[in-house]
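Below is one structure, written out as structure tokens, with a few remarks after it.
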Amino acid sequence: MTDEINVALLGSKFMGRAHSNAWLNVAKFFDVDPVPVMHTVVGRNQAELEEFASRWGWRQSTTEWRAAVTSGEIDLVDIGTPNNVHAEQAMAALEAGKHVACEKPLAGTLDDARAMAAAAEAATGQTFVWFNYRRVPAVALARQLVAKGAVGRIYHVRACYLQSWGGPDTPLLWRFQGDIAGSGAHGDLNAHIIDAVRFVTGEEIVTVEGAIEHTFIEERAVLSEGAGGEIAGAGAGTVEAMGQSTVDDAVLFLARMTGGAVASFEATRLATGYHNANRFEIHGDRGALRFDFERMNELGFYSLEPDAAVQGWTTIDVTRGGDGHPYADAWWPDSHGLGYEHAFVNQAADILTAIGGGEPLAPLPDFADALQTQLVLHAAIESARSRSPIDIVDL
Ligand code: SOE
């Protein structure tokens, strides 16, 4: 007998759509137990919410998030709201005995992240964080290759997340307001590549040794309907005034890792020419890996095993379920391709598997794990502002 689990989703913008699609489709492609019931969606505008609920198949909608997360009908609270409310919403849900899945970054500040991790430690519900790129088959395969020694001892890690939607015409969205977002490209994008590097290498970042935090565009247009909206729909509304951007447009930093590797991280919303280039390269004493989300179904692999004369980069098409590529057998035949949304469905499957007492296909970050990423985010900003190295252990 397959159980059901009632989900309440907080947020109906970009992540609201990505998560709704995941809950709507997960049981069609994965044999999950429990099966999700799209019970309640929470947002701020009741009229928009009713349209959203009808479009995606949520049974009901409300603007009262606290009533939803404490309702006896809800089992899992899925948080897709701006960073500054993650802590209050997650902690209220944990206190009500719910499982909680929270969007990245865990929080806008280290203090909030610490409070969330402490609440999770004391709670009965399981916690999860939507670091969705772990569920891209190529990234999950990279982790498997490193774990079985295919690149050997890691010397270098080079990660960057290059977007270009943050130009002068982009209005003062919540993502550019420090009191809501906590940081700009840093918490939004470096969070992903810090998590991905930790996930793929299995190592932790121990020291940040140098960082740059920079805001190129200091003033942005405040739209008539306020600073709401998402990058996907930022163009609506008339300009009411100009407002101060209080976050970074780019953060770069250098780090050392537990296994002795040296690493560089770069996140920006002003990398003209790149739109969602979430990339990493890993060089070891037996081989190397490279990944670029803009070619998300491919993983580059270089091995020193073959005869030197035939060594070279191979491009693996990571869509072949029959060849053991992670998550691929749930979807289409070889080389039919997967997209951004499939990683969220893969994660929903792993979350439901974990709640059902099973083993997810790849490790799922809980709040304690995501706190490690938040510590690195904080260390980078501290290092940039103090112009000195920061040891994570000292935070
Ligand atoms: C905006 O930078 C954004 O939507 C991020 O917030 C997401 O986490 C990333 O997956 C795509 O870009």
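Keeping all protein chains in place, calculate the accessible area per residue for the chain (probe 1.4 angstrom), answer in Å².
Value returned for the chain: 42 Å² of accessible area per residue.
Round to a whole angstrom and tell me the spacing of the C-alpha centers of the range 253-277 and the range 280-335.
Computed from Cα coordinates, the inter-centre distance equals 20 Å.
Just in the range 132-212: which trypsin sites (Lys or Arg not before Pro) are loop by DSSP and have at most 10 other Cβ atoms within 10 Å?
LYS148
Grab the beta carbon distance between GLU209 and ARG55, set R0 = 41 Å, and tell me the FRET efficiency rounded to 0.05.
0.30
What is the set of long-range amide H partners of CYS102 at a cut-off below 5 Å, with H atoms built 1.01 Å from backbone N?
ILE79, PHE128, VAL129, TRP130
How much of the accessible area of the range 325-395, probe 1.4 Å, is carbon plus sulfur, in whole percent?
Ligands and nucleic acids excluded, carbon and sulfur reach 49 percent.
Normalising by the residue count of the range 278-395, find the relative contact order in percent from Cα pairs under 8 Å and 6+ residues apart.
Answer for the range 278-395 is 12 percent.
Can you list the residues, at least 5 places off or on another chain, whose amide H is less than 5 Å from the amide H of GLU4, using H built in the peptide plane?
When sequence neighbours closer than 5 places are left aside, the close amide H contacts are VAL35.
Can you give me the relative contact order of the chain as a percent, contacts being Cα pairs under 8 Å and 6 or more apart?
20 percent
Report the charge-dipole magnitude of the range 4-132 in Debye, nearest 20, computed about the Cα centre from +1 at each Lys and Arg Cβ and -1 at each Asp and Glu Cβ.
320 debye
Please give me, ordered by residue number, the trypsin sites (Lys or Arg not before Pro) of the range 264-309 that lie in loop per DSSP and have at most 14 other Cβ atoms within 10 Å.
Those that pass, being in a loop and sparsely packed, are ARG286.
Within the range 236-254, list the residues whose amide N lies under 15 Å from a label point set 7 Å along Cα→Cβ of SER224.
Flagged as within label range: 236-241.
Going toward the positive end of the dipole of the chain, with +1 on Lys and Arg Cβ and -1 on Asp and Glu Cβ, which of PRO389, ALA122, LEU49 do you reach last?
PRO389
Relative contact order, percent, of the range 4-132 when contacts are C-alpha pairs under 8 Å separated by at least 6 residues?
Taking the mean separation of contacting Cα pairs over the length of the range 4-132, I get 23 percent.
Calculate one ³J(HN,Hα) per residue across the range 382-387 by plugging θ = phi - 60° into the Karplus curve 6.51 cos²θ - 1.76 cosθ + 1.60, and present them in order as whole Hz with x for glycine and proline.
4, 5, 5, 7, 8, 6
How far apart, in nanometres, would the label points at ASP394 and GLN144 be if each is projected 7 angstrom from Cα along the Cα-to-Cβ direction?
4.1 nm
Report, in debye and to the nearest 20, how large the dipole of the chain comes out about its Cα centre when Lys and Arg carry +1 and Asp and Glu carry -1 on their Cβ.
Computed charge dipole of the chain: roughly 480 debye.
Counting other C-beta atoms within 10 Å, and keeping those with at most 12, which DSSP coil GluC sites (Glu not before Pro) do you find in the range 24-130?
Passing both the DSSP loop test and the Cβ count: GLU64, GLU73.
For SER335 and SER386, compute 0.36 nm times the residue count separating them, minus their Cα-Cα distance, and round to one decimal in nm.
Difference between extended and current length: 13.5 nm.
Put +1 on the Cβ of each Lys and Arg and -1 on the Cβ of each Asp and Glu in the range 83-205; which of ALA150, ALA191, ALA87 then has its Cα farthest toward the positive end of the dipole?
It is ALA150.
The values are calculated or read from the model by the stated rules, or taken from the named source; none is laboratory data. Just so you know, these numbers come straight off a predicted model, no measurement behind them. Note that each Cβ is placed from the backbone with ideal geometry, even for glycine, and that neighbours are counted across all protein chains shown. With ligands, DNA and RNA removed, areas are computed over all heavy atoms of the protein, side chains included. Shrake-Rupley method; radii C 1.70, N 1.55, O 1.52, S 1.80 Å.
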